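Quick notes on the structure that follows.
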Amino acid sequence: MNAVEQVQQMIKDALQQAIQQAQLVEDASALNIQLSQPKDKANGDYASNVAMQLTKLAQKPPRAIAEAIVANLATEGTDIEKVDIAGPGFLNITVRKDFLADVVEAALAQGEKFGQSTAGAGEKVQVEFVSANPTGDLHLGHARGASVGDSLCNVLAAAGYDVSREYYINDAGNQINNLAYSLEARYKQALGQEAEMPEDGYNGQDIIDIAKKLADEFGTTILDKPEEERFAFFREHGLKLELDKLKTDLANFRVDFDVWYSETSLYNNGKIDVALTKLKENGHVFEEDGATWFRSTTFGDDKDRVLIKKDGSFTYLTPDIAYHEDKINRGFTKLINIWGADHHGYIPRMKAAIEALGYNRDTLEVEVIQMVQLYKDGEKFKMSKRTGNAVTMRELVEEVGLDAVRYFFVKTAGDSHMDFDLDLAVSQSNENPVYYAQYAYARIASILRQATEQGFEASTANLDLLGAEKEIDVLKKVGDFPTVIAEAAKHRTPHRIATYIQELAAAFHSFYNAEKVLDATNKERTEARLALITAVRITLANALRLIGVAAPEKM
RNA sequence: GUCUCCGUAGCUCAGCUGGAUAGAGCAAUGCCCUUCUAAGGCAUCGGUCGCAGGUUCGAAUCCUGCCGGGGACGCCA
């Protein structure tokens, strides 16, 4: 438990004791006392609404309850400085600021680990995200999913979960056949031959590039081979090159997966049959119209789903069911899937499948990422993999910059729709909020460099000299960091890290303008402030790392 | 038509399990660089929290119904 949490716990304990003492309820230990941080500093450091919550139980008006609590509150020898009753019955608690010095010491001592906690208790969590088909370039939606997914993983790991990040490769099914046929057509075109693209072909530039590469290497020899061999050639090479490209693009986006899981492997190792058999044995499968169905309506789905089509092939769902059972078999107790909103309707059937296999449906948690609407020249910019005019993730990064893109996508809640004005992002990139945080970091780095030149050294010896209003504001923000991470992990809301970064940077900028750090006439205070801003530097660096944004030493 | 997500300042978005006069950035206006990076700070302007009911001591937050927008409703993936 960090210093801030200790103080909060102490307050909660004291309140609980006072409530018991005042005999407002029979058993105060059963109460879940909550503290909030008032927006207005005039209302103290912490506030509790417990007096209002107890109106029913205690059968008294809230202010009377509040007064009874205060009368019985033991503050002697604690960090509680004073307690006021305000408004309808809020308890406004002001604490001594001494404990905040511990925050600086903790940040300095823990360094890169500052902010981490054991809140997740080592729970084995698997996060599957992006998982785009290897048939084209990653686009805007994938970029948002990658930003949110990667940041969520970082946050979970920092909060003490055992996280594995995974990419499910859809390397089986129709779309791969289309890939092969599309590639063959582009291959012929690359060799100057007439060739028509298949009707459902992939028209992306990436296929053209890959075809050219292959044509340069293999020439016309491939085209003389029998159809089956040609198909296998284009399928295999297309997949490999598409996958290589995906991996490179994601690595350049600062996203690294622990596992790349092949759908085809499920066909080869019999896991699909195992899952199917289990569903059958559990009585959730039936035959109709020449197809094999999963009675998902038993588990709340709005219609039953086909598992094996009339032609004997599997639907997309079938290997996906086997895949999810395999995840559970690998020991994960929580499966978090990050899906685009266009797959929203798929959730009930997947949860149904998990339940039908005998597991708790809540083992699977799906975080839906809403669509990104791109605007260009003041108009909606439609993207389509099919027609090939998509704005790719790569292009976006080239135009806007990686830090800005990652920040932009993670700063809003995933379930909110998002408008991305490309012109604005490009033309006013210097006004992107990400620079605000990075600038704070660079400013600190600059001060620290000059401090060294002037012979100062950060010191925790005189932290009691920190007491100016802006210093306290910064200290409080730094102290919040571990709690912010734990909450963001618990609620799967990595965007809270971005919000926190803005707040911390704002607190620092404000402090910077109000107080001078380097002061040759006051060595003690200078070195205490150096310790303070070093704590901010550490916190900013750790927070930015969580969302995959760089912390520049200079700007 | 059914399901689902969203609707908060001119724009883009926060608002934690309901809590005290609803916040930030951008835009607009006015100040602040002989002082550690002005990609900054301070201040002002700006909102019937889509609408109407309901639950509650208390609702932007929970429930219902409308209105508006996105998405999904395949033996595609």
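With respect to the conditions (1) farther than 30 Å from residue A:402 by Cα; (2) surrounded by 21 or more Cβ atoms within 10 Å (Cβ to Cβ), residue A:317 falls short on a single one, namely (2). I need every pair where a residue in the range A:541-555 that is within 18 Å of residue A:449 (Cβ to Cβ) has its Cβ under 7 Å from the Cβ of a residue that is assigned to a loop (DSSP other than H, G, I, E, B) and open to solvent by 10 Å² or more (accessible area, probe 1.4 Å), sequence separation at least 6 or different chains. Pairs that qualify, where the first residue is within 18 Å of residue A:449 (Cβ to Cβ) and the partner is assigned to a loop (DSSP other than H, G, I, E, B) and open to solvent by 10 Å² or more (accessible area, probe 1.4 Å), are A:541/A:551. Of the residues making up the range A:115-170, those that are of a type outside the set (Ser, Thr, Tyr), at pLDDT 95 or above and in a strand (DSSP E or B) are A:124, A:125, A:126, A:127, A:128, A:162, A:163, A:165, A:166, A:169.
For the range A:489-504, name all the residues that are within 20 Å of residue A:150 (Cβ to Cβ) and either open to solvent by 30 Å² or more (accessible area, probe 1.4 Å) or of a type in the set (Val, Ile, Thr) (or both). Explain how you work it out, then say what you get.
From the range A:489-504, those within 20 Å of residue A:150 (Cβ to Cβ) are A:489-502; that's our starting set.
Selection gives A:490, A:491, A:492, A:493, A:495, A:496, A:497, A:499, A:501, A:502.
If you take the residues in the range A:523-555 that are among the aliphatic types (A, V, I, L, M) and farther than 23 Å from residue A:401 by Cα, which one is nearest to the chain's Cα centre (by Cα)?
Taking the range A:523-555 and keeping what is among the aliphatic types (A, V, I, L, M), we get A:528, A:530-533, A:535-536, A:538, A:540-541, A:543-544, A:546-547, A:549-551, A:555.
Checking the rest, the ones that are also farther than 23 Å from residue A:401 by Cα come to A:528, A:530-533, A:535-536, A:538.
Working: A:528: 34, A:530: 32, A:531: 30, A:532: 28, A:533: 27, A:535: 24, A:536: 22, A:538: 20 Å.
Here the residue is A:538.
Give A:121, A:132, A:107 a once-over and let me know the one that is within 34 Å of the chain's Cα centre (by Cα), buried (at least 16 other Cβ atoms within 10 Å of the Cβ) and away from RNA strand B (no atom under 16 Å from the Cβ). Going through A:121, A:132, A:107 in turn, just one is within 34 Å of the chain's Cα centre (by Cα), buried (at least 16 other Cβ atoms within 10 Å of the Cβ) and away from RNA strand B (no atom under 16 Å from the Cβ): A:107. Among the helices (runs of 4 or more DSSP H) confined to the range A:23-104, the ones with at least 1 residues that are more than 16 Å from RNA strand B (Cβ to nearest atom) are located at A:62-71. Select from the range A:310-327 the residues that are out of contact with any strand residue (DSSP E or B) (no Cβ under 9 Å at 6 or more places or on another chain) and outside any loop (DSSP other than H, G, I, E, B) and write down the one among them that is nearest to RNA strand B (Cβ to nearest atom). Across the range A:310-327, the extreme among qualifying residues is A:319.
Taken as a whole, the structure places residue A:58 among residues that are touching a residue at least 12 places away in the same chain (Cβ under 8 Å), crowded, with 18+ Cβ neighbours inside 10 Å and not β-branched (Val, Ile, Thr). Among the residues of the range A:186-205 satisfying the criterion of being part of a helix (DSSP H, G or I) and crowded, with 23+ Cβ neighbours inside 10 Å, which is nearest to the chain's Cα centre (by Cα)? Ranking the candidates gives A:186 first. Test residue A:385 against the criterion of being modelled with pLDDT under 90, assigned to a loop (DSSP other than H, G, I, E, B) and over 25 Å from the mean Cα position of the chain (by Cα), and give yes or no. Criteria met by residue A:385. Being open to solvent by 10 Å² or more (accessible area, probe 1.4 Å), among the hydroxyl-bearing types (Ser, Thr, Tyr) and in contact with an Asp or Glu (Cβ under 7 Å, 6 or more places away or on another chain) holds for only one residue in A:521, A:483, and it is A:483.
Only residues that are at pLDDT 95 or above and open to solvent by less than 20 Å² (accessible area, probe 1.4 Å) were counted across the range A:216-237, and they come to 1.
Beta carbons closer than 8 Å, at least 6 apart along the sequence or on distinct chains, pair a first residue in the range A:277-294 that is touching a residue at least 60 places away in the same chain (Cβ under 8 Å) and under 17 Å from residue A:313 (Cβ atoms) with a second that is within 11 Å of RNA strand B (Cβ to nearest atom) and open to solvent by 30 Å² or more (accessible area, probe 1.4 Å) for A:294/A:304; A:294/A:305; A:294/A:306; A:294/A:349. Of all residues in the range A:452-479, which are assigned to a loop (DSSP other than H, G, I, E, B) and either open to solvent by 80 Å² or more (accessible area, probe 1.4 Å) or not aliphatic (A, V, I, L, M) (or both)? Scanning the range A:452-479 gives A:454, A:455, A:456, A:457, A:459, A:460, A:462, A:467. The set of residues in the range A:357-373 being within 19 Å of the chain's Cα centre (by Cα) and assigned to a helix (DSSP H, G or I) consists of A:363 alone. Looking only at residues of the range A:335-356 that are surrounded by fewer than 20 Cβ atoms within 10 Å (Cβ to Cβ) and within 18 Å of residue A:261 (Cβ to Cβ), we find that the one that is farthest from the chain's Cα centre (by Cα) is A:346. On the basis of being at negative phi, among the hydrophobic types (A, V, I, L, M, F, W, C) and part of a loop (DSSP other than H, G, I, E, B), does residue A:11 make the cut? Considered against the rule, which asks whether it is at negative phi, among the hydrophobic types (A, V, I, L, M, F, W, C) and part of a loop (DSSP other than H, G, I, E, B), residue A:11 comes out as no.
Would you point out the residue of the range A:388-441, among those that are near RNA strand B (Cβ under 8 Å from one of its atoms) and of a type in the set (Asp, Glu), that is modelled with the highest pLDDT? Filtering the range A:388-441 for residues that are near RNA strand B (Cβ under 8 Å from one of its atoms) and of a type in the set (Asp, Glu), the one modelled with the highest pLDDT comes out as A:415.
From the list A:535, A:507, the one residue that fits, being surrounded by 17 or more Cβ atoms within 10 Å (Cβ to Cβ), without any contact (Cβ under 8 Å) to a residue 60 or more places away in the chain and among the hydrophobic types (A, V, I, L, M, F, W, C), is A:507. Counting only residues that are surrounded by fewer than 16 Cβ atoms within 10 Å (Cβ to Cβ) and under 24 Å from residue A:26 (Cα atoms), the range A:76-100 holds 1 of them.
Have a look at A:50, A:7 and point out the one that is within 30 Å of residue A:459 (Cβ to Cβ), outside the structural domain of residue A:488 (by TED's automatic domain parsing) and either β-branched (Val, Ile, Thr) or surrounded by 20 or more Cβ atoms within 10 Å (Cβ to Cβ) (or both).
Values: A:50 fails: within 30 Å of residue A:459 (Cβ to Cβ).
Only one candidate qualifies: A:7.
The values are calculated or read from the model by the stated rules, or taken from the named source; none is laboratory data. Not measured: the values here are computed from a predicted model. So basically every Cβ, Gly included, is an ideal-geometry build from the backbone, and we count neighbours across all protein chains shown. Calculation scope for accessible area: heavy atoms of the full protein, side chains included, ligands and nucleic acids excluded. Shrake-Rupley method; radii C 1.70, N 1.55, O 1.52, S 1.80 Å.
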